[in-house]
């Protein structure tokens, strides 16, 4: 999700959307409105139009001035309703604020910022239709008949895509003053992991009289990542970190007692680790970096062969279990490296490394086993058997028809 796309203002009042007012452009927009823009009569508006047609017919047949005056008043109400509805939306801009990543099965919210750029008229009674849809759930846009077999398949695909989407409406309940701004929030719950697209499907208004419903289409959207949902699991004694022989310390950053080096301060470092004297000498904020304690960590390795994980629900449990274990081990300072399939292990030293791993788990899918030879998984990414023993290699395997078990060097360490 790019910051520029999320922070982009859209709508009639956005920069770049404003244009010099001309009557030709205004009249042509009434005849041929922009895509997604339309004005529809409501039930009361339909009754008013029918009543105007009836009074108009009676006025022409009877030549009654009173009926002509009544007809002109009804038509004036319709015209005034359309003009005020147009002015109500003119100068208003909106943008989406989506804080990611999200969690599957957890409540999330999308903020919609509003801004009224008009200098003399406030804005009333807007509603905003929002939609959250998994990326990849869209149906290809092609002409198909709903009678043929292909058309039936497309219709079923559309129904499946609509079922995966979540929709909601937020209302502007108070007026938006001239030059003012407001923020609306829409709450929803992502159902599954993966990439999620949130878009503003449309903006509507019944202002001022409720005779006409004005709708404005938008192309405002934002994408984010939905991390796997955390799961409950049972720990075994093997999952407790072991000690290295001889009480040695490993040569990596940690929270031990031996000072290893000094490095530049980065966001998230504790202020207690700042070396003030060295920072004063160099003019740069430096923090102490200690050697890790002699307690050994775990190297997490996730394999996603479709032949091993043929059931989709069991594969989803594997991904959620791996993500939950990675977070718990990281909080305990026991996560050293992570790897998926045949890729090289990635060290996990800070929170950002863990988030990158969770981003990859959010979009991982079962893969076909590589052919024997090039790219085969017969040799895993951890170099030697000695390194495997030192790193407490954690792997995963099916546990029955539905469960997943985690193994450390062949011994079961946890199960979900």
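The values are calculated or read from the model by the stated rules, or taken from the named source; none is laboratory data. None of the values given here were measured: they were computed from a predicted structure. Glycine also receives a Cβ, built like all others from the backbone with ideal geometry; neighbour counts cover every protein chain displayed.
Quick notes
- Of all residues making up segment 334-387, the number that are modelled with pLDDT of 85 or more and part of a loop (DSSP other than H, G, I, E, B): 12
- Subset of segment 348-358 [in contact (Cβ under 8 Å) with a residue 40 or more places away in the chain and in contact with a helix residue (DSSP H, G or I) (Cβ under 7 Å, 6 or more places away or on another chain)]: 358
- Screening segment 217-234 for residues that are more than 23 Å from residue 325 (Cβ to Cβ) and surrounded by 20 or more Cβ atoms within 10 Å (Cβ to Cβ) and picking the one that is farthest from the chain's Cα centre (by Cα) gives 220.
- Within segment 187-212, being in a strand (DSSP E or B) and touching a helix residue (DSSP H, G or I) at 6+ places or on another chain (Cβ under 8 Å) holds for 194, 195, 203, 205, 212.
- Flag if residue 101 is modelled with pLDDT under 90 and surrounded by 16 or more Cβ atoms within 10 Å (Cβ to Cβ): yes
- Hits in segment 294-306 - residues which are at pLDDT below 80 and either buried (at least 19 other Cβ atoms within 10 Å of the Cβ) or in a strand (DSSP E or B) (or both): 295
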